[in-house]
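> Take a look at this one; I'll ask things after.
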Amino acid sequence: MADRAQTNGFSIIGKPLAMADAVSKVTGIGKYADDLSVPGMLIGKILHSPYPHARIRSIDTSRAEALNGVKAVATGQDAPNPYGILPIGHDERVFAVDKARYIGDNVAAVAATTAEIAEQALDLLRVDYERLPAWFDPEESMKAESDWIHEERAHNIEKEYHHVFGDPDQGFAQADFVAEERYYAGEVNHAAMEPHSTLAIWEPHERLTVHSSTQVPFYLHRTIAEVCEMPMSQIRVIKPLIGSGFGGKSEIIPLEIAACVLAKKSRKPVKITYTREEVFLAHRGRPITIVYLKVGITRAGKIAAVQARVVQDGGAYCGYGPVTVLYSGALLGAIYDIANVRYDGFRVLTNKPACGAMRGHGTVNVRFAFESILDQLSHQAGLDPLEVRRRNLLKAPCITANSLRVTSYGLPECIEKVFERSNWKGKKGKLPYGKGIGVACSHYVSGAANPIVRSNMPHTTVYIKIDRDSAVTVYTGASEIGQGSDTMQIQIAAEVLGVCTERIKLVGADTELTPVDLGSYSSRVTFMAGNACLNAAKDMRDQLFAAVAKKLGCSPSDLVAKNDRVSHVSDPAKSVSFDEAVAIALEFHGALVGRGTYAPPEAARGGKFRGAGVGPSPAYSYSAQVAEVTVDPETGHLHVDKVVAAHDCGKALNPLTVEGQIEGSVYMGFGQALQEDMIWKDGRLMNPSLLEYRIPGTKENPDIESIIVESVDPEGPFGAKEAGEGSLAATIPAIANAVYDAVGVRINSVPITPEKILEALRAKEKALATSKPPPEKSSAPGMAR
């Protein structure tokens, strides 16, 4: 069930539409990367390290190369150039050159005429390893004095950041209630339905065409050029249909480069598709996060000060690591009015697969901690947790203590919506033992205001072309990954040009045909590609209006485009069909091409301190959620009965997709809250399949009531902003807080398992039996400064 947005006089915007690619997906006409096949195609397979940390003394490839059907064998010597998604983190190579750094690290690869021959060839490779001491626990790893994972990263610390805003010490001195806790969040995988797959086609004239399941075709294009030492003009990257990404395809995955290296060496097409276990080993998911959090509030419920020390297990390579740990600190701001903050963030290397971006990148685990401790403080102060959130709202538009600009702010309305729809007043503290209700809030960026690659070029560009057949074609580099970005751009173009959506065709994410877009990550596409598409459509409309105005003898400002016609606003007799308008414009202008770009305004780009580039956004989305749960005190079994989620998306361009994004976010947050967890033993993943790594099934899902809140951002396309990630982070603490309301114990680690609930209940019973009041806080180490 959902509250639908209003169309407010628009023809297309605000109306629920099916996805543009829906028919191709449900009929099977659409092709994913692994569906693709070309004549002479070879199958690639990758040899992975069996050790978590080992020096590679030598690799003997001769027996594999001699096997009939093997066309190429590649090692680190074939592609020694390092790469990485961040300019400051080029520490990966497609195949290990000096040493392997985790179980599953890429050591070599083969391309053969069949998958069976390729597997046989892997067995014939001989690698001489020298095992080295390995590091698995991030807090132990950062104490290392020797045997560092990367020699240039002392004590295995990839990056650390230390920020102070306002006067936290004075803030704590003024606080009437102070809580200090340790929180732990386990490692989570994206579990995307489609595994990673890449087809690299070596073509005549030394050209390479790459079809890959990627969220970032532009960055993949650059990286292939760097590693394969080829000019970008000789490389074409095409994104086919993608079976979801959730951030797992938002950086360069080793098989994408491995397929290219093998194709170049064999001079034949090569396809590599990961097994599900290889997907887990490539990983790039949400890191293990340890949060030491201290928060103080006044008797009136105002947040006085916040101090956070965050340690993230980054795995063996940099990836998005510095960005992830910076988001964890930066987005303590821009949701509540907090003047005094101290943040210490550590991204630590371990001998495990690299972690990276996952839905709600960098914010989810720290938001779990913050919303949990805020609930705890509310009870200590004798205040309603929902009311405490009301008392700490920002007064937008504003600039936060850490230089984040907030333009539109729908959190107050989100809170009121869930308060009303959940019957919070009638249920909070009034449900029978074992039943509980909890509240939490969250937010997220609508794209990063600062690009990954240091450049002043637009973040995205869109072209719109109209030919004599009057068909409108949108050329966009934005990556449709299931979130509805293609549909969104078709809607925007149709609305501005006054035509039906069926007239619009879209060509997307093909580096030879489409202009540059930085990719689908950080919920940037609606705001950024949407604005670029809006500008391109306006440019095209201006060209049409200028020509028609000459024909009709009026001013372009007198014209309106609607219902596939261009008409005079006050004289309906002066009107032409859209097809006629195109014919007239072609007479005046020749080719009709509209161009639109978008780059965030300078005011949105944040402060000047170290690390200030991460966190700023042109706009932020907001979410409030109330969860209802049932806890069986005999077994510890936790059932989430219902989640009411209100999300401020600025303007719902397509309410159908916005509802889907809210529900998907709640679903993923629910999975992390109750059961998703990557289990490690000495660097080996013990549950590397969807049989063992448990994601929620349909019957386990709670009832989700989604509510769309529209704050109408002044800079978003038609007022729109992010909808795909901001709701996830509120779900986890809302459930945790509901558990406390149900049975009176706080669980400070996720997933919240029956074992943890039973352990907490027994500790509470033991405390009562010895006449000691049950601690509101769980035992936790003190916070290091």
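The values are calculated or read from the model by the stated rules, or taken from the named source; none is laboratory data. Quick caveat: nothing in here was measured; it's all calculated off a predicted structure. So basically every Cβ, Gly included, is an ideal-geometry build from the backbone, and we count neighbours across all protein chains shown. All accessible areas refer to the heavy atoms of the entire protein, side chains included, with ligands and DNA or RNA removed. Shrake-Rupley method; radii C 1.70, N 1.55, O 1.52, S 1.80 Å.
> If I ask for residues that are open to solvent by 10 Å² or more (accessible area, probe 1.4 Å), touching a helix residue (DSSP H, G or I) at 6+ places or on another chain (Cβ under 9 Å) and outside any helix (DSSP H, G or I), which ones from the range 385-395 would you list?
393, 394
> Let me ask something else. Quick one: count up the residues across the range 170-191 that are open to solvent by 30 Å² or more (accessible area, probe 1.4 Å) and either touching a residue at least 24 places away in the same chain (Cβ under 8 Å) or within 19 Å of residue 362 (Cβ to Cβ) (or both).
Within the range 170-191, residues that are open to solvent by 30 Å² or more (accessible area, probe 1.4 Å) and either touching a residue at least 24 places away in the same chain (Cβ under 8 Å) or within 19 Å of residue 362 (Cβ to Cβ) (or both) number 8.
> Same structure again: Residue 681 is checked against (1) touching a residue at least 40 places away in the same chain (Cβ under 8 Å); (2) open to solvent by 30 Å² or more (accessible area, probe 1.4 Å) and fails just one. What number does that condition carry?
(1)
> Let me ask something additional. Inside the range 81-118, can you point out the residues that are open to solvent by 30 Å² or more (accessible area, probe 1.4 Å), part of a loop (DSSP other than H, G, I, E, B) and not hydrophobic (A, V, I, L, M, F, W, C)?
Across the range 81-118, the qualifying residues are 81, 82, 87, 90, 93, 98, 113, 114.
> Then there is this: Quick one: is residue 571 open to solvent by 10 Å² or more (accessible area, probe 1.4 Å), of a type in the set (D, E, K, R) and either without any contact (Cβ under 8 Å) to a residue 24 or more places away in the chain or assigned to a loop (DSSP other than H, G, I, E, B) (or both)?
yes
> Something else: From 611, 607, 594, grab the single residue that is on the phi > 0 side of the Ramachandran plot and either in a helix (DSSP H, G or I) or within 37 Å of the chain's Cα centre (by Cα) (or both).
The match here is 611.
> Inside the range 17-47, can you point out the residues that are surrounded by 14 or more Cβ atoms within 10 Å (Cβ to Cβ) and hydroxyl-bearing (Ser, Thr, Tyr)?
Scanning the range 17-47 gives a single hit, 32.
> Also: Looking at (1) at pLDDT 95 or above; (2) of a type in the set (A, V, I, L, M, F, W, C); (3) part of a helix (DSSP H, G or I), find the lone condition where residue 747 falls short.
(3)
> Here is a list: 752, 757. Which entry is modelled with pLDDT of 90 or more, crowded, with 23+ Cβ neighbours inside 10 Å and either touching a Pro at 6+ places or on another chain (Cβ under 7 Å) or within 21 Å of residue 429 (Cβ to Cβ) (or both)?
That would be 752, the only listed residue that is modelled with pLDDT of 90 or more, crowded, with 23+ Cβ neighbours inside 10 Å and either touching a Pro at 6+ places or on another chain (Cβ under 7 Å) or within 21 Å of residue 429 (Cβ to Cβ) (or both).
> When residues of the range 574-589 are filtered for being open to solvent by 30 Å² or more (accessible area, probe 1.4 Å) and out of contact with any His (no Cβ under 8 Å at 6 or more places or on another chain), how many remain?
Total satisfying the criteria: 6.
> If you don't mind, there's one more thing I want to ask. Can you find a residue that is out of contact with any Cys (no Cβ under 7 Å at 6 or more places or on another chain), at pLDDT 95 or above, part of a strand (DSSP E or B) and over 30 Å from residue 717 (Cα atoms) anywhere in the range 34-41?
No, that holds for no residue.
> Now for a different question. Quick test for you: out of 309, 367, pick the one residue that is within 30 Å of residue 157 (Cβ to Cβ), open to solvent by 20 Å² or more (accessible area, probe 1.4 Å) and at pLDDT 95 or above.
Only one candidate passes the filter, namely 309.
The rows are residues; the columns are (1) open to solvent by 10 Å² or more (accessible area, probe 1.4 Å); (2) without any contact (Cβ under 8 Å) to a residue 60 or more places away in the chain; (3) not assigned by TED's automatic domain parsing to the domain that holds residue 49.
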site	(1), (2), (3)
221	yes, no, no
224	no, yes, no
227	no, no, no
231	yes, yes, no
237	no, no, no
255	no, no, no
259	no, no, no
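> Something else about it: Taking strands (runs of 3 or more DSSP E) that fall entirely within the range 431-511, which contain at least 3 residues that are open to solvent by less than 10 Å² (accessible area, probe 1.4 Å) and more than 19 Å from residue 22 (Cα to Cα)?
By residue number, 435-445, 460-466.
> Okay, next question. Taking the range 253-274, which residues are among the basic types (Lys, Arg) and either touching a His at 6+ places or on another chain (Cβ under 6 Å) or within 19 Å of residue 119 (Cα to Cα) (or both)?
265, 268, 271
> Continuing with this model, one more query. Here are some residues: 601, 616. Which one is open to solvent by 30 Å² or more (accessible area, probe 1.4 Å) and either out of contact with any Phe, Trp or Tyr (no Cβ under 6 Å at 6 or more places or on another chain) or among the small types (Gly, Ala, Ser) (or both)?
601
> Suppose we filter 155, 196 for residues that are surrounded by fewer than 21 Cβ atoms within 10 Å (Cβ to Cβ) and touching an Asp or Glu at 6+ places or on another chain (Cβ under 8 Å); which single one remains?
155
> Would you call residue 701 open to solvent by less than 10 Å² (accessible area, probe 1.4 Å) and either over 30 Å from residue 428 (Cβ atoms) or free of Cβ contacts under 8 Å to residues at least 60 places away in the same chain (or both)?
So residue 701 does not fit the description; no.
> Are any of the residues in the range 72-79 out of contact with any helix residue (DSSP H, G or I) (no Cβ under 8 Å at 6 or more places or on another chain), in a loop (DSSP other than H, G, I, E, B), open to solvent by less than 50 Å² (accessible area, probe 1.4 Å) and not assigned by TED's automatic domain parsing to the domain that holds residue 496?
No, that holds for no residue.
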